[in-house]
Amino acid sequence: MYLTIEIDELTESNLCELPIIGTITCLTAFHSYLFSGSDDGTICIWKTGSWQCEKTLRAHAEGVLGISVHPSGKLALSIGQDRALKTWNLIKGRSGYTTNLHGIADAVQWSTEGNFYAVSIANRLDVYSLESAKIVYTIQFGKKIWHIVFLTVRNTSFIIKPLNFSYLLYPAHTFFPGLAFKMVFFGVNMCQIKVGVN
């Protein structure tokens, strides 16, 4: 989802009302809302258009590094420098529970269906089940994982990882049985993928 902000919308009057104390470290757009995380540990939920902060969440003891909103819009995940993964109930506007991680996470992302979520820590990706909140699969890479995207192709999900200006396509056949793929090559300028479902 792309979000366009017109400079004219950010007037001097509403810039003075911004509740952010720290530097913004991450942004996530969801429908008509923009979620911003900052190095003071807060998450602000902005209503686009009016740019009013609808809610400020006291998220982490240290800076917020990433935010991902569930496809339903009812839940969100956040990761912070405090080595915590927080699950948020966006209906009530409060934290549901906290998972202590074994390192500082670099990225977090819900799957397109919302059944799974992934967290990267250095060169490791942990895939969690929403139902159990437990790790169902771990993938080790030789490089740091900066970004996670779940992609749906013919109702089959894949995880795509940008790794230093190049991309790696990883089939999620472990938790989506019956998936077969012929070739794994995903470059910056081209993509050739043959997918089949067994």
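The values are calculated or read from the model by the stated rules, or taken from the named source; none is laboratory data. The structure presented is a predicted model; accordingly, all values stated were derived computationally and were not measured. Note: ideal-geometry Cβ built from the backbone for every residue, glycine included; neighbour counts use all protein chains shown.
Take Ser68 and decide whether it is at negative phi, crowded, with 20+ Cβ neighbours inside 10 Å and among the hydroxyl-bearing types (Ser, Thr, Tyr).
yes
If the requirement is being at pLDDT 90 or above and either surrounded by fewer than 15 Cβ atoms within 10 Å (Cβ to Cβ) or of a type in the set (Asp, Glu) (or both), which of these qualifies: Glu113, Glu131? Show your work before the answer.
Details: Glu113 fails: at pLDDT 90 or above.
Only one candidate qualifies: Glu131.
Just give me the residues in the range 32-55 being at positive phi and either touching a helix residue (DSSP H, G or I) at 6+ places or on another chain (Cβ under 8 Å) or at pLDDT below 95 (or both), in sequence order.
Gly49, Trp51
Do the conditions hold for Lys143, that is, is it among the charged types (D, E, K, R), over 25 Å from Thr25 (Cβ atoms) and modelled with pLDDT under 80? Give the steps one after another, and end with the answer.
Working: among the charged types (D, E, K, R): yes; over 25 Å from Thr25 (Cβ atoms): no; modelled with pLDDT under 80: yes.
Against the criterion (among the charged types (D, E, K, R), over 25 Å from Thr25 (Cβ atoms) and modelled with pLDDT under 80), Lys143 does not qualify.
Restricting the first residue to the range 122-138 and requiring it to be farther than 19 Å from Thr112 by Cβ, which pairs with a second residue that is in a loop (DSSP other than H, G, I, E, B) and at pLDDT 90 or above meet a Cβ separation below 8 Å and a spacing of at least six or different chains?
Ala122/Gly103; Ala122/Asp106
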